[in-house]
1. Can you give the helix-only mean residue ellipticity at 222 nm for chain B, where every DSSP H stretch with n ≥ 4 adds -39500 (n - 2.57) and the sum goes over all residues, rounded to the nearest 500 deg cm²/dmol?
2. With θ set to phi - 60°, apply the Karplus curve 6.51 cos²θ - 1.76 cosθ + 1.60 along region B:149-166 and write out the HN-Hα couplings as whole Hz, x wherever there is a Gly or Pro.
3. Considering the options B:Asn190, B:Gly313, B:Ile105, tell which one lies farthest towards the positive end of the dipole of the protein assembly as shown, charges being +1 on Lys and Arg and -1 on Asp and Glu at the Cβ, about the Cα centre.
4. Roughly how crowded by other chains is peptide B:27-40, in terms of the mean Cβ count from those chains within 10 Å of each of its Cβ atoms?
5. What 222 nm value per residue comes from the helices of chain A, counting each DSSP H run with n ≥ 4 as -39,500 (n - 2.57) and dividing by all residues, nearest 500 deg cm²/dmol?
6. How big is D, in µm² s⁻¹, for the protein assembly as shown by Stokes-Einstein at 20 °C and 1.002 mPa s if Rh is the Kirkwood radius over C-alpha pairs?
7. Through the Karplus equation 6.51 cos²θ - 1.76 cosθ + 1.60, θ set to phi - 60°, convert the phi angles of region B:208-218 into ³J(HN,Hα) values in whole Hz; use x for Gly and Pro.
8. Give the average, rounded to an integer, of partner chain Cβ atoms located within 10 angstrom of each Cβ in A:39-47.
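The values are calculated or read from the model by the stated rules, or taken from the named source; none is laboratory data. Please read all numbers here as calculations on a predicted model, not as lab measurements. Glycine also receives a Cβ, built like all others from the backbone with ideal geometry; neighbour counts cover every protein chain displayed. These area figures cover heavy atoms from the full protein model, side chains too; ligands, DNA and RNA do not enter into them. Shrake-Rupley method; radii C 1.70, N 1.55, O 1.52, S 1.80 Å.
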Amino acid sequence: MTRLSSAFAKPHPALVTFITAGDGDTAANLDALVEGGADVIELGMPFTDPMADGKAIQEANIRSLGAGTTTAEVLRIAAAFRARHPQVPLVLMGYANPMVRRGAEWFAAECAKAGVDGVICVDIPPEEDDALGPALRAHGIAPIRLATPTTDRARLPQVLAGSQGFLYYVSVAGITGSQQATKQSIADAVKRLKDTTNLPVAVGFGVRTAQQAAGIAQVADGVVVGSALVELVGQHGDSAPEHLRRLTQGLAQAVHSAQRVPA
Amino acid sequence: MNQLTNSFRNQPDERGHFGDYGGRFVAETLMPLILELEREYRAAQADPAFTAEFDGLLEHYVGRPSPLYFAERLTQSLGGAQVWFKRDELNHTGAHKINNCIGQILLAIRMGKTRIIAETGAGQHGVATATVCARFGLPCVIYMGATDVARQQPNVFRMKLLGAEVVPVTSGRGTLKDAMNEGLRDWVANVHDTFYIIGTAAGPHPYPEMVRDFQSVIGREARAQMLDRIGRLPDLLVAAIGGGSNALGLFHPFLDDPDIKMLGVEAAGRGLHGEEHAASLLGGSPGILHGNRTYLLQDADGQITEGHSISAGLDYPGIGPEHAWLKDTGRVEYTAVTDQEALEAFQLLCRTEGIIPALEPSHAIYAVAQRAKAMPKDSVILANLCGRGDKDIFTVAEALGVEM
Ligand SMILES: Cc1ncc(COP(=O)(O)O)c(C=O)c1O
């Protein structure tokens, strides 16, 4: 079992939390997410042009790059996290250009060395998989793909081919930090996805509160929370960890105690 | 067969790749839409009614064909090759941008889309988009970097007069790339009803191919006009390059004429040695941005760096993928011209020909002047005069230290 598959094999749905690397004291912030009960960590790689992100994550990217965060620093943060938390799955999430800048092979090898379990690249769809996918798979890093409300039945097999780790269902057609989709539409979509794949399905975009997270956890294998956490980092700076811990605890409790509603 | 495999005119491949460049590097949300756009574009290409409507609008609304003009006094003053201009600055709205907007809005209507968005740098593409939206009665939102809003006020007001909503974008340095990011964000959230009219031959497949095709009317006309006027084709084609659409529009119909040389002119801003330029081909390296793999201005970590040009329409850290491929294959030569040189050429054309050019083609005109001097008098240069300079008079006045 990989770290990722173990996280989704727990007797309860998984809480997946996102923050941007290099925004604030990232090590302390990541520790707070783990202490709060996060099952999977997504670490955002900052990019100058985060065109799929809303205001909160855009600003986190600007803060991080403004503080001088480099790719080497992101990898150092990941490696240090792996040393402190040998069992907690860590996924890098970001955009293609910083990932392929020194070559896909270089990036995949560095991820493997740092103990990264998976990579989500927002702007590499399955059609362009050869830009990064083969290198990741060769190094045992899971390429985690996104499915969206616009991913139709005909297209889904292509999205799933070569996908590993889990499938990230983006519940709204929009950027991060958007309004949440209705619970029914999420339930329908997850059922459709699970009819076609054995990969765990985690649902994100627009999830901010424990109540929302609980609702999604009834129908999905995981719930992803990003903007709400990133906003706390922006608001609280050095004292962000305690706020992150508190929000994560509430989310984890809600997600972990959710009663599965059979689809 | 041999002819075909040696052609420079049969790119991209079915995945939208021009050699190593191009492609469809977009978020999954947009992917199905882009595939649908491609299907619809293929259907439109095969539909004589679509072509007829496009041609009709270009003739009666845009004012095509644009004249082919022999710049006699400029030629005399340079003392070398004959200089000819393709006068796309005489188009309705004052630049080549409208050719592409007509094509794309017809596609949008064909696809049943009811809302149009676009990005703009100089405001020429924004004005052209706002114009076709008014013409066809569709609501229009234009994203424009806040810096560009400030330096292209006349065009901002034009867009508003035409009924468009102009949204200033403050992220980044507030120029074209930031406007494009915001356009993409809008599009992802409104895929069901919105068509994104991209203003240059860049972005995800099929945009680079589609925009090139719509702009190729420039080169097709020029070819026929040259043969008609002097019974031969030019020796050298010259065009300014922002994203590369006016250049491809001129070049593409000539790419398989081996004797015709081509020169694309990037913006060298304050000089290629520093960081304050917008020359992605000459001063950048390959990477992935805004849906395609192409040459970019970027640092060692792949972070996009902000370019600079006095010309808002050239101030973009990327370039259409077909140019990246044409550069690597060596079919087209690329050079760069500084702000200062462009200003010189701007004034030269004003005084020798009575034509106030936009700052974008002023870059091309400078390169034309350099090359013409070194070429024999019986040789012919054809340059794309892709925009008029009314929008730039405030920028030029400021650069020349004139208070208005
Ligand atoms: C007059 C004019 N020329 C050139 C350009 C650059 O674009 P492209 O390289 O796509 O022709 C612009 C862009 O705004 C423009 O307004």
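1. Rounded to the nearest 500, the figure is -12500 deg cm²/dmol.
2. Residue by residue, region B:149-166 yields 4, 5, 8, 10, 3, x, 6, 4, 5, 4, 4, 5, 4, 7, x, 7, 8, 9 Hz.
3. Positive-most Cα among the choices belongs to B:Asn190.
4. Values: counts 14, 18, 15, 6, 11, 8, 2, 2, 4, 1, 0, 0, 0, 0.
Averaged over the peptide's residues, the number is 6.
5. Numbers: 12 runs with 119 residues, N = 263.
For chain A, the value works out to -13000 deg cm²/dmol.
6. Numbers: Rh = 25.8 Å.
Value of D from the Cα-based Kirkwood radius: 83 µm²/s.
7. Listing the rounded values in order: x, 6, 5, 5, 4, 4, 5, 7, 5, 3, 4 Hz.
8. On the way: counts 0, 0, 0, 0, 0, 0, 2, 2, 5.
The shielding value for this peptide is 1.
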